[in-house]
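Novice: Sharing a structure, written as structure tokens. Questions coming.
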Amino acid sequence: MAPSISSSAIAALSIDSDAMDVSVDSKKVAKDKKISKTKSDKDKKDKKSKKENKEKKSKKRKHSSSPSASGSSSSSDSEAEADKQVQPSKKVHIDSVSDESSEDSAGQNEENKLSLDNFPLSASTKSALISRGISALFPIQASTLVPILEGNDVLGRARTGTGKTLAFSLPMIELMLKSSDNLQRGRRPRAVVLAPTRELAKQVAAEIESTTKRLVVVTVYGGTSIYDQQQKLRGGADFVVGTPGRVIDLIDRGNLALDNVEFICLDEADQMLDIGFKDDMEKVLRCVQEQRSGKKYQTLLFSATVPEWVNQVARDFMRPDHKKIDLIGSQALKTSETIVYKAVMTPWRVRHDIVSDLVAVYGRAGRTIIFTETKADANSLAVSPKLVSVAQALHGDIPQSQREQTLQGFRNGTVRVLICTDVAARGLDIPEVDLVINVSPPKDAETFIHRSGRTGRAGRSGVCITGFSQQESWWVGFIKKRTGVECEMISPPQAQAIVQTTGMETAKVVGQCSVAAADMFMDTAEALANETFEGDSMRALAAALAHISGYSEGIQRRSVLTGDSDRVTMIMHTEEQVKTWGYVRGAMVRTFPGLEDRDMSTFRIVVGRNAVVFDILSKFVEERTVKGDDGETETVISVKGRQWDSQNSRMRLEFCTELPEFEDDGSYNGVSGGNTGSSGFGRGGRSFGGGRGGSRGGSRGGFRSGRGGGRGRGRGRN
């Protein structure tokens, strides 16, 4: 049986599908580096001189080394010997390491300073890092390495995605390798690392294991058998990495002894506080304090933000002379410069539909992470018609085995969209995320930073889009004030953009079908075209593309201003400048009998004051294509059954498909008065402030509270 496809869906796919470039050009967001020829020549000479000096030193070391050193030994022994031989000849002092540079020459010097050759690392560690493509440290890694190697407690703060994991694990590995002669079975752990989620714990463990093969790492977390973890601990461990809850369980059962601990590290300490691990973290810290009483150990705290609780932990559990290393400081912009930030109004009742279309237009075939506030919202969005085939939910209620399958699918591309809560997302190590969507505004600026930091990593460009309701419109100004991020206001995706992107992606998939497979369906395709589409094979193909894309019911127009699916946005161009939007509203009411004030809303004056944008109930508006007297086709607009006079030279009415720039003078209203009764009991709306109320009351709100007149009531919203 042929699928039922609406005519609007088929017509939509007949639109010219020239690619609408909504991707972010990395060239626009990446900084162009131009180094003068003189500077380049000087750098070449410096490098040549350094190379010659290095060769001389290498020959000298080779000449002075003992002949017996070249004798054969096991790989483990030779690695240990290399670790002992490479000792820091001098302390590396970094005055101020910054990952931002305003001058090209400073950027070149910065790169040289961060080279592995400038740091007291063992030969085996350098070799492991280089084999992973790491030839230089990140600023946070360079800043914390020496203080930790010198035995200090450290409180480190850096932006999300800047390498905090290696910042604490690298110096711990170095110190432990120097005293790793007696790696006997059953040894008690020397380092405990706490992480807020299973995914982050596994990521930290993988980072350590890829840096050294001589130290044993045991990862412990809930959702899996505790027996297996107990067995691994009995076999001996150097590092224990886990979530606070499972670490506490193992301590209470007597499986995890802390009397040999030299390092206790809290990774993403602020996030563990947010998700309720405060008591567990403090209990672990106290256990280490008690079991290591009188013995020296190091406490390390790493976080993207430093709330008061983190400072309190530093006072209670760290030495008074601990080092604070802050690579954010008072900077307003705390996120990656390769991210483009956007915001879109999304009413609650159509929020999921708009989010799905944002994925289609801005995510395309790349990876997208969608953040929701609740697990239920994540589940609901994951099974929405437009996302069900490409999305999976990820949160604390998902079984561990399924979580791992979902993450693996996200990495290899079989799962394109990950819908998750903040807790589940912490620790995801996926560098090529193209789009991040916040279904609703994050609760605070720090959460916004963490979420947006999932994209724009490793020099790649990314997009972060945040949805907000009319009541949440204050958030855009708030986030700019707190972080310096200015979000570009965009409209909800419109039909043409959706068709262009989804149609092209679907066409690519269909185009991959083999000729042999297509031949097998020729009879069915011919019957479909003849019986359902009157022999029009192109229309039949368009219907197939619409169905595969998830838009078999068509693509409904929606408000560009608010995303409301019951309204469409129109723009009235005027010959003369307008002083108030009331001029246009009055013209609409006079031109179309039966149209009332309350049928229109959210009037905005365009910059230049020669146009006004507004919403109108979509059920009253009709768009048709007709042939003129000259045989040419033209599009005509009818409202309440009456056609707009396209020959009107003073005013021109059109559908608005993109948000223009508006006058910033408060010259707009909200959703016009809900009940504009003649008795005057109308109430102002609550969009961008109160609309006009009843004929005897109400007010024009803006962002200010409205005021009533007579017996009516106007209501704005601050």
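The values are calculated or read from the model by the stated rules, or taken from the named source; none is laboratory data. On a predicted model such as this, the values are computed, not experimentally measured, just so you know. All Cβ positions, glycine included, derive from the backbone under ideal geometry; neighbour counts span all protein chains shown.
Novice: Does ILE419 satisfy the condition of being of a type outside the set (Phe, Trp, Tyr), touching a residue at least 24 places away in the same chain (Cβ under 8 Å) and either in the same structural domain as GLY245 (by TED's automatic domain parsing) or under 27 Å from GLY477 (Cα atoms) (or both)?
Specialist: yes
Novice: OK, next. How many residues, within the range 479-504, are polar (S, T, N, Q), farther than 10 Å from LEU545 by Cβ and either in contact with a helix residue (DSSP H, G or I) (Cβ under 7 Å, 6 or more places away or on another chain) or part of a helix (DSSP H, G or I) (or both)?
Specialist: Matching residues across the range 479-504 total 4.
Novice: Taking the options THR414, THR455, name whichever one is buried (at least 17 other Cβ atoms within 10 Å of the Cβ) and outside the structural domain of TYR221 (by TED's automatic domain parsing).
Specialist: THR455
Residue-wise test of (1) more than 20 Å from ALA123 (Cα to Cα); (2) part of a strand (DSSP E or B).
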residue	(1), (2)
ARG187	yes, no
ALA205	yes, no
ARG214	no, no
VAL218	yes, yes
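Novice: Moving to a separate point now. Which condition number in (1) modelled with pLDDT of 60 or more; (2) within 27 Å of THR305 (Cβ to Cβ) is the one that GLU174 fails?
Specialist: (2)
Novice: Now, a different point. Being at negative phi and either among the aromatic types (Phe, Trp, Tyr) or touching a Ser or Thr at 6+ places or on another chain (Cβ under 7 Å) (or both) is the filter; apply it to the range 268-300 and report the residue that is modelled with the highest pLDDT.
Specialist: Only one residue fits best here, namely TYR297.
Novice: Let me confirm something: among GLN512, GLN556, which residue is modelled with pLDDT under 90, over 30 Å from THR466 (Cα atoms) and of a type outside the set (Asp, Glu)?
Specialist: GLN512
Novice: OK, next. Can you tell me how many residues within the range 483-493 are in contact with a strand residue (DSSP E or B) (Cβ under 9 Å, 6 or more places away or on another chain) and either of a type in the set (S, T, N, Q) or within 30 Å of ARG159 (Cα to Cα) (or both)?
Specialist: Number satisfying all stated conditions: 7.
Novice: Sticking with this one: With the requirement that a residue be among the aromatic types (Phe, Trp, Tyr), farther than 26 Å from PHE655 by Cβ and surrounded by 14 or more Cβ atoms within 10 Å (Cβ to Cβ), what does the range 462-495 give you?
Specialist: Correct list: TRP475, PHE478.
Novice: Checking the conditions here, which among ALA546, ALA507 is assigned to a helix (DSSP H, G or I) and surrounded by 18 or more Cβ atoms within 10 Å (Cβ to Cβ)?
Specialist: ALA546
Novice: Of the residues GLY245, GLY222, which is within 30 Å of the chain's Cα centre (by Cα) and more than 21 Å from GLN408 (Cβ to Cβ)?
Specialist: GLY245
Novice: So in the range 370-386, with the set limited to residues that are touching a residue at least 40 places away in the same chain (Cβ under 8 Å) and assigned to a loop (DSSP other than H, G, I, E, B), which one is farthest from CYS464 (Cα to Cα)?
Specialist: Selected residue: PRO385.
Novice: Could you list, in sequence order, the residues of the range 434-451 that are closer than 19 Å to ALA391 by Cα, of a type outside the set (A, V, I, L, M, F, W, C) and not in a strand (DSSP E or B)?
Specialist: ASP434, SER440, ARG451
Novice: Also: Report every pair of residues separated by at least 6 positions or lying on different chains whose Cβ atoms are under 7 Å apart, first residue within the range 131-153 and part of a strand (DSSP E or B) and of a type in the set (A, V, I, L, M), second modelled with pLDDT under 90 and surrounded by fewer than 22 Cβ atoms within 10 Å (Cβ to Cβ).
Specialist: The qualifying pairs are ALA136/GLU111; ALA136/LEU114; ALA136/SER115; ALA136/LEU116.
Novice: Which condition number does GLY245 fail, the rest of (1) at pLDDT 90 or above; (2) crowded, with 16+ Cβ neighbours inside 10 Å being met?
Specialist: (2)
Novice: Within the range 600-650, how many residues turn out to be touching a residue at least 60 places away in the same chain (Cβ under 8 Å) and either part of a loop (DSSP other than H, G, I, E, B) or not β-branched (Val, Ile, Thr) (or both)?
Specialist: Count: 7.
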